[in-house]
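Reviewing the structure listed below.
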C-alpha cells in the first residue's frame, strides 16, 4: 500500500534505538525525509547510518522544554520544514509512590510531558498554516493501565495524552491530525533494563504469547502518519498484543 507520504519531512526524537529508531526506519522506507534526534551524537550517527533512505542526524536533548524547542527548530531548519512529528523520549527511573521523592517528578514531567508540549508548540503552527500535518506521539500503555513501580512514567504520560487530545480537537479543521501510540512490551533496551537483562518471562502476560517487535510498532506509527489516516485524530492506540484488559 502506498501511504501517500513520499517526499514529506518527519522529525523523530529519541530515535537512536528502540521504537523511535523503528519508526524512523519505517518512515524512511515510505520515501519520507527523516530527521532523527537523540542525546548521544555518536549513537545517533550509527543509528542514522543503519537506516536506508533519506535520513539526517540532528543531535539534541529533548529532556527539557528548552532542549525540545531547540531540537525542533534545528530539525525544521535542516529539513526546510516539518510535516510529521513523532515525539518520543526514554522513560524516567522506576519507582513506586512511597519510594519516589517529590523532587523526582519535575524532571520526569519535563521528559515525558513538557517535551511533547514544547515540540508541538514549535512545529504544529507551520503544519496548520500549510493545511497538512501529522503528530504521532509514542507514550505507553501505562496511560490506560498504570504499570507497577513506574509512577513517574504513568503520571507524565497521562498528562501528555490529555494534552494531545486537547490539541487534536483544536487543529482538526486545519488538516492536522494528532494521535498517540501506546506501546506495551516490545523487545527494546529499556525493557531489558527493567527486567535486569532477562526477557525470558516478559511475555507471560501478553495474550499473543510473544513480545512485540519494534518494526511492527514502527509500521503502526507510520500508518497514522499517512494520508490514509486522515480521519483518525485524537486517538490513543495501544500496540500491546492485547495486554491491556480495559474496555476503553
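Rule-based calculations on the coordinates, nothing more; no lab input. Source: prediction; values computed, not measured. Reconstructed Cβ throughout: ideal geometry from the backbone, glycine too, with neighbour counts over all protein chains shown.
For the peptides 100-107, 169-176, 219-226, the ranking by packing is 219-226, 169-176, 100-107, with the highest mean count of neighbouring Cβ atoms within 10 Å listed first. With the highest mean first, a sort of the peptides 20-32, 4-16 on other beta-carbon atoms found within 10 angstrom per residue produces 20-32, 4-16. The modelled label-to-label distance for the pair residue 2/residue 215, using points 7 Å beyond Cα in the direction of Cβ, is 2.4 nm.
Could you work out how far the C-alpha centroid of the stretch 117-172 sits from that of the stretch 198-248, in angstrom? Comparing the Cα centres of the stretch 117-172 and the stretch 198-248, I get a distance of 16 Å.
Here the simple spin-label model places points 7 Å from the Cα toward Cβ, and for residue 99 and residue 204 these points are separated by 1.9 nm. Computed from Cα positions, the angle between helix 18-29 and the longest principal axis of the chain comes to roughly 30 degrees. Could you work out how far helix 115-130 tilts from the main Cα principal axis of the chain, as a 0 to 90 degree angle to the nearest 10? Once rounded, one gets 30 degrees. Given their separation in residues at 0.36 nm each and the Cα-Cα distance between them, residue 43 and residue 166 gain 40.8 nm when the chain is fully extended.
Based on C-alpha pairs under 8 angstrom that are at least 6 apart in sequence, the chain has a relative contact order of 20 percent.
Relative to the longest principal axis of the Cα atoms of the chain, the long axis of helix 214-224 makes an angle of roughly 50 degrees.
Kirkwood's formula applied to the C-alpha pairs of the chain gives a hydrodynamic radius of 17.9 angstrom.
Tell me the mean residue ellipticity at 222 nm calculated for the chain from its helices only (DSSP H runs of n ≥ 4, each -39500 (n - 2.57), averaged over every residue, nearest 500). Each step should come with its number before you reach the end.
Details: 8 runs with 95 residues, N = 248.
Per the formula, -12000 deg cm²/dmol.
Sorted from largest to smallest, which semi-axis lengths in Å does the alpha carbon gyration tensor of the stretch 129-168 give for its equivalent ellipsoid, taking the root of 5 times each eigenvalue?
Values: eigenvalues 135, 15, 10 Å².
The equivalent ellipsoid of the stretch 129-168 has semi-axes of 26, 9, 7 Å.
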